[in-house]
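Colleague: This is the structure I want to talk about, given as structure tokens.
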Amino acid sequence: MSKLSNRKLGITALVLLGLVLIGASVYLVVHRNSRRNQHNEATQQTSYRDSTTGVEIKYSEQTTKAQAISEADRKNNIILRLTEQQGQTPVLITLRYESGLRSVATITKGSIIDIIMGNSEKALPQRFRGFRKETSRRYEHNGRTAGKLIFTYDSPMPNERIKQKLTIFVKDDDTAVYLAMQSKETDFGRVEAETFDPMAATLASR
């Protein structure tokens, strides 16, 4: 491969990674709200479907609520932003997509999931202060290729850590969807089981 092709590939990969990481918010405001026990209440699910990509996902209205999508969010292809309902454990969840990946995969002669996972693991430590990776893996999700990265980083609040689960869902050979879910590290185990995992399991595409 020529030096020009190598340079083009490097620039393309960096641009792709920058787009992937947009929406993975570094700042999570940690509220000091009291918690309400709702384990015995029926969970009310809201279905969300993006008309552009056909991506679908469900979330609980008891624990999370949708925020308004700003013009900046739209430019960054963020299609859903959720935070906690009043009195619930603080969380931040964003769903976004990226298209135009076919050309990158063609240049690199690699799979989309391998490209995204590889570049993410290199760049995340530079974006998140105090980054520490816990796990990463590739798997099949609802018949599509997917990947998962779980990591922690320093919170803006003193002596606190944030833990994030980033799920990458390859919709087709040109589009990927990124579901970023985060909370305080001390809350993560519980909200992962109660909120994050059930929501991620519903992620699908038509």
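Colleague: Please count how many residues of region 88-110 are surrounded by fewer than 16 Cβ atoms within 10 Å (Cβ to Cβ) and within 19 Å of Q182 (Cβ to Cβ).
Modeller: Of the residues in region 88-110, 0 are surrounded by fewer than 16 Cβ atoms within 10 Å (Cβ to Cβ) and within 19 Å of Q182 (Cβ to Cβ).
One line per residue, one yes/no per condition, for (1) surrounded by fewer than 16 Cβ atoms within 10 Å (Cβ to Cβ); (2) in contact with a Phe, Trp or Tyr (Cβ under 8 Å, 6 or more places away or on another chain); (3) assigned to a helix (DSSP H, G or I); (4) on the phi < 0 side of the Ramachandran plot:
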| residue | (1), (2), (3), (4) |
| --- | --- |
| N119 | no, no, yes, yes |
| P125 | yes, yes, yes, yes |
| R129 | yes, yes, no, yes |
| R138 | yes, no, no, yes |
| A200 | no, no, yes, yes |
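Colleague: Moving on. In region 51-98, which residues are of a type outside the set (A, V, I, L, M), within 16 Å of A204 (Cβ to Cβ) and more than 12 Å from the chain's Cα centre (by Cα)?
Modeller: Scanning region 51-98 gives S51, T52, T53, G54, E56, K58, Y59.
Colleague: Restricting region 140-167 to residues that are at pLDDT 95 or above and not in a strand (DSSP E or B), which is surrounded by the most Cβ atoms within 10 Å (Cβ to Cβ)? Break it down stepwise before answering.
Modeller: Just the residues of region 140-167 that are at pLDDT 95 or above, to begin with: 146-155, 160-167.
When the remaining residues are screened for being not in a strand (DSSP E or B), the result is 155, 160.
Details: S155: 21, E160: 13.
Only one residue tops the list, namely S155.
Rundown of residues vs (1) under 14 Å from the mean Cα position of the chain (by Cα); (2) over 24 Å from T52 (Cβ atoms); (3) not small (G, A, S), yes/no style:
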{"position": "R102", "(1), (2), (3)": "no, no, yes"}
{"position": "L124", "(1), (2), (3)": "yes, yes, yes"}
{"position": "T135", "(1), (2), (3)": "no, yes, yes"}
{"position": "T145", "(1), (2), (3)": "no, no, yes"}
{"position": "T152", "(1), (2), (3)": "yes, yes, yes"}
{"position": "Q182", "(1), (2), (3)": "yes, yes, yes"}
{"position": "E185", "(1), (2), (3)": "no, yes, yes"}
{"position": "R190", "(1), (2), (3)": "no, yes, yes"}
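The values are calculated or read from the model by the stated rules, or taken from the named source; none is laboratory data. Computed from a predicted model, the values in this text were never measured in an experiment. All Cβ positions, glycine included, derive from the backbone under ideal geometry; neighbour counts span all protein chains shown.
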